[in-house]
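Some notes on the structure that comes next.
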Amino acid sequence: MGINNIIRFEHANDPTIENKHHHHKHKQIEDEENLLQKDLLNNNNSSTSSLSSQSTYESSDSYPFQFSRDSSLQDFLKSNKQATDNLKIRNPEILERSGKGQSPHTLWIGCSDSRINECTALGCQPGEIFTLRNIANLISYQDFSSMSALKFAIDVLKVRKIIVCGHTDCGGVWASLSSKKIGDVLDSWLTPIRQIRAQNLNLLKSINDPFERCSKLSELNVLNSINQVKKHSSFVSAFKNGDIEIYGLIYDVKTGYLTELELSDEFDNNDDFNDVFHLNEHGDGYH
Ligand SMILES: [Zn+2]
């Protein structure tokens, strides 16, 4: 989720935004009319030129994306058929294997931001990555979704790696750096990031560039989510047996590259920690 999404969200009912959109559309129609007039003045075949200018605008509406806000479900289905047919040519065994079940090697915990997709970022195939994505890649013990995803991925799918991936320009992080209210459930959801901000106030204040400050808070947020994963009973058991590894990454939305974060080993192989979380197989009662 980028800052623009937050701004768009905040100004969803702002009539000036709508006017800008109309203005943009209006400008497009004007441009198209100018092109047609130019063609007519140059004595070109008007039917061909009007078609060519129309197709230019159709592609520029979504360019560089596959679809636009005006795309229909038919456009989606047509593209699905094409993409699937291409996949069958590129990697004919993938769908056959998918039909037999999944055995992903990695759990990816990432942000819902539309600019990051684990398969695009890693260049991998369907069936490789089990995914949990939410706003600002948060792991929360009050959230059934993240708790269930961890339990299922570790205990049932037996993934060997967990990757928590944050990103630059994260809308959830920008919102947590602001003192502005967004709206009931979003403010509640982002509370953990505000807490991290509060714990690192001086460090964050010492960074003058707002984008760098946002990236730093994204990093701290990834480290916090990792610490939450490390407290999950399924993770503790798998980690103790050497069956699982965990990594923190930051995705740069401008470059598309991933960078590894250095993790603290605060909770690793710590018997006191295991005791606190009731994770010894034969607990010796309360103390
Ligand atoms: Zn984000």
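Is there a residue being in contact with a strand residue (DSSP E or B) (Cβ under 9 Å, 6 or more places away or on another chain), within 19 Å of I116 (Cβ to Cβ) and not in a loop (DSSP other than H, G, I, E, B) anywhere in segment 181-189? Within segment 181-189, one or more residues are in contact with a strand residue (DSSP E or B) (Cβ under 9 Å, 6 or more places away or on another chain), within 19 Å of I116 (Cβ to Cβ) and not in a loop (DSSP other than H, G, I, E, B). Inclusion of G127 among residues that are under 26 Å from I250 (Cβ atoms) and more than 16 Å from the ligand (Cβ to nearest atom) is warranted. The set of residues from segment 92-118 being in a loop (DSSP other than H, G, I, E, B) and surrounded by 13 or more Cβ atoms within 10 Å (Cβ to Cβ) comprises P104, H105, S112, D113, R115, I116, N117.
Tallying residues that are closer than 28 Å to R197 by Cβ, among the small types (G, A, S), more than 14 Å from the ligand (Cβ to nearest atom) and not in a loop (DSSP other than H, G, I, E, B) within segment 149-179 yields 1. Beta carbons closer than 9 Å, at least 6 apart along the sequence or on distinct chains, pair a first residue in segment 136-157 that is under 15 Å from S188 (Cβ atoms) with a second that is of a type in the set (F, W, Y) and within 16 Å of the ligand (Cβ to nearest atom) for A136/W189; L138/W189; S140/W189; D143/W189. Among the candidates K230, K216, the residue that is closer than 23 Å to E118 by Cα, more than 16 Å from the ligand (Cβ to nearest atom) and not polar (S, T, N, Q) is uniquely K230. Scanning segment 108-124 for residues that are more than 13 Å from the ligand (Cβ to nearest atom) and among the hydroxyl-bearing types (S, T, Y) returns a single hit, T120. On inspection, S140 qualifies as within 16 Å of the ligand (Cβ to nearest atom), among the hydroxyl-bearing types (S, T, Y) and in a loop (DSSP other than H, G, I, E, B).
Take L132 and decide whether it is within 14 Å of the ligand (Cβ to nearest atom) and at pLDDT 95 or above. So L132 fits the description; yes. Only a single criterion out of (1) away from the ligand (no atom under 16 Å from the Cβ); (2) under 16 Å from the mean Cα position of the chain (by Cα); (3) not hydrophobic (A, V, I, L, M, F, W, C) is not satisfied by D70, namely (2).
The values are calculated or read from the model by the stated rules, or taken from the named source; none is laboratory data. Small disclaimer: the values here were computed from a predicted structure and weren't measured. When we count neighbours, we look across all protein chains shown, and the Cβ atoms used for this are built from the backbone with ideal geometry, even at glycine.
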